[in-house]
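The values are calculated or read from the model by the stated rules, or taken from the named source; none is laboratory data. Remember, predicted model here, so these are calculated numbers, not experimental data. Cβ coordinates were reconstructed from backbone atoms using ideal geometry, including for glycine residues, and neighbour counts include every protein chain displayed.
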Amino acid sequence: MNSGFTLWLFFVSMGASALGGMLGMASGIFIVPILILFGHVEIHTAIGASLISVIACSCGGVAPYLKGRLTNIRLAIVLEVATTLGAITGVLLSGIIPVVYLFFLFAAILFLSAQQMLAKRGDPVIATGVVPSGWGTTLHLHSSYPDVKQKQEIPYHVQRVPMGMMLMYGAGLISALLGIGIGVLKIPAMDTALRLPIKVSSATSNFMIGVTAAASAGAYFMRGTIIPSVAGPVALGSVLGAVIGAHILMRTSNAKLRLFFVVVLVLLGIQMLLQALGIHWRVG
Amino acid sequence: MMNQSDSNHPYLESLLAYVLQYGSWAASATIGVGLALSLISAHAPPFSAMKIVTVGLALFILLPVFRVFIMFVVFLNDRDYKFSAIAALVLAILALGVVVGLRAAKMVAG
């Protein structure tokens, strides 16, 4: 281990996390492919390191959402039962699944993220006159959040909790297998199944991902696949990058930034596919 | 009209914000100190430098676990037994993860 590589890991993670933070994205989806493709880090080591940075960015970034009362912590703890179970399933599978399939899966997730980045998200239309029922009511999950612009409380209902939990189980599984956050699967689960307002959905999933990643990171830590000389600089770089990203969030054109991300995601996806197919690309 | 304060826990929310914020700084600082030590003495890294980094990484893994534990205690204190049971279940699953990791480590070693 040399200090040049430590610094490279630190600055690359900081850059990826700062860019990701500008769009409110978890950086794991960039960090894992970059570590593998450019740093020639072994895939399981890259996944372990990325999981720590996922925890770090989740824990370090939740305070403003909690204080702004955007996080639904009751819903979070209910869904965490599913995400952590999914994470442990992912850990068990990661020991069995051949590395080639991990590359294919990663490429698929990268393409899916690119596609979702192009699509527009809107708040779910709230059906009036519908009497809320089901798990959301029994567990008192319905809530409200303060809207700063309109200066009022906006109530919302949590719907289809069992379906949301099934999707969250899958999200936890993929998160543990690939060492990434659950941004990609959060959208179908939280927007489509649970029908949460976007702000609540983002805040709640950001709150949950820390515990989800801790479930798999705990297992990988015990297994010995979290290498401190890699995970240390990656985690520290990501934390600082997230802070920087949050500060430059307002200053860039969102549409241009989005397009840039779509291109980066597609390029990384293609590289991961080539890697899976055994075609090694010499960079630089 | 539904009860709007149903799922708001102002005290718990600010407590969690405080713990997660300062916990993150503590873990980051620990990793930073370890890395700085290893960079300063790059040619003969002191035995303890990477140990310090490992402690910082472990702190990050424990931080969300501690957060669930706080939720468990606060829900219990509020006599919200259903939710303290859910928090306990999440803690049990997190413990299961550690057991799975340990067994995998033994299988590799043995």
Search the stretch A:89-101 for residues that are within 19 Å of A:G269 (Cβ to Cβ) and pair each with any residue that is surrounded by fewer than 14 Cβ atoms within 10 Å (Cβ to Cβ) when their beta-carbon atoms are under 9 Å apart and the residues are at least 6 apart or on different chains.
A:V100/A:L277; A:V100/A:G278
Scanning the stretch A:54-66 residue by residue, those free of Cβ contacts under 8 Å to residues at least 24 places away in the same chain and hydroxyl-bearing (S, T, Y) turn out to be none
Tell me yes or no: at least one residue of the stretch B:28-40 is farther than 15 Å from A:P233 by Cα and either of a type in the set (D, E) or in a helix (DSSP H, G or I) (or both).
no
Looking at (1) at pLDDT 90 or above; (2) over 26 Å from A:L139 (Cβ atoms), can you tell me which one A:I77 breaks?
(2)
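Filter the stretch A:211-263 down to the residues that are aromatic (F, W, Y) and modelled with pLDDT of 90 or more and list them by number. Lay out the reasoning, then the answer.
In the first step, residues of the stretch A:211-263 are kept if they are aromatic (F, W, Y); the result is A:220-221, A:260-261.
Across the stretch A:211-263, the qualifying residues are A:Y220, A:F221.
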Odd one out for A:I97 among (1) over 24 Å from B:L96 (Cα atoms); (2) in a loop (DSSP other than H, G, I, E, B):
(1)
Criterion (surrounded by 14 or more Cβ atoms within 10 Å (Cβ to Cβ) and at pLDDT 90 or above) met by exactly one of A:Y156, A:Y101, A:Y169:
A:Y169
Counting only residues that are more than 7 Å from chain B (Cβ to nearest Cβ) and assigned to a helix (DSSP H, G or I), the stretch A:44-74 contains a total of 15
Filter the stretch B:65-110 for residues that are over 18 Å from B:S14 (Cα atoms) and among the aromatic types (F, W, Y); the one that is farthest from the other protein chains (Cβ to nearest Cβ) is B:Y81
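Yes/no matrix, rows are residues, columns are (1) crowded, with 24+ Cβ neighbours inside 10 Å; (2) out of contact with any Leu (no Cβ under 7 Å at 6 or more places or on another chain); (3) over 22 Å from A:V264 (Cβ atoms); (4) in contact (Cβ under 8 Å) with a residue 12 or more places away in the chain:
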{"position": "A:N2", "(1), (2), (3), (4)": "no, yes, yes, no"}
{"position": "A:L7", "(1), (2), (3), (4)": "no, yes, yes, yes"}
{"position": "A:F11", "(1), (2), (3), (4)": "no, yes, no, yes"}
{"position": "A:A16", "(1), (2), (3), (4)": "yes, yes, no, yes"}
{"position": "A:I43", "(1), (2), (3), (4)": "no, no, no, yes"}
{"position": "A:I47", "(1), (2), (3), (4)": "yes, no, no, yes"}
{"position": "A:I52", "(1), (2), (3), (4)": "yes, no, yes, yes"}
{"position": "A:R74", "(1), (2), (3), (4)": "yes, no, yes, yes"}
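So is A:L196 more than 17 Å from B:F60 (Cβ to Cβ) and either hydrophobic (A, V, I, L, M, F, W, C) or out of contact with any helix residue (DSSP H, G or I) (no Cβ under 9 Å at 6 or more places or on another chain) (or both) or not? Please lay out each step first, then the result.
Details: more than 17 Å from B:F60 (Cβ to Cβ): yes; either hydrophobic (A, V, I, L, M, F, W, C) or out of contact with any helix residue (DSSP H, G or I) (no Cβ under 9 Å at 6 or more places or on another chain) (or both): yes.
Yes.
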So is A:T84 closer than 30 Å to A:T137 by Cβ, modelled with pLDDT of 95 or more and either among the aliphatic types (A, V, I, L, M) or buried (at least 24 other Cβ atoms within 10 Å of the Cβ) (or both) or not?
yes
Which numbered condition A:T204 misses (of (1) in contact with a Ser or Thr (Cβ under 6 Å, 6 or more places away or on another chain); (2) within 21 Å of A:S50 (Cβ to Cβ)):
(2)
Among the residues of the stretch B:1-48, how many are at pLDDT below 75 and more than 7 Å from chain A (Cβ to nearest Cβ)?
8
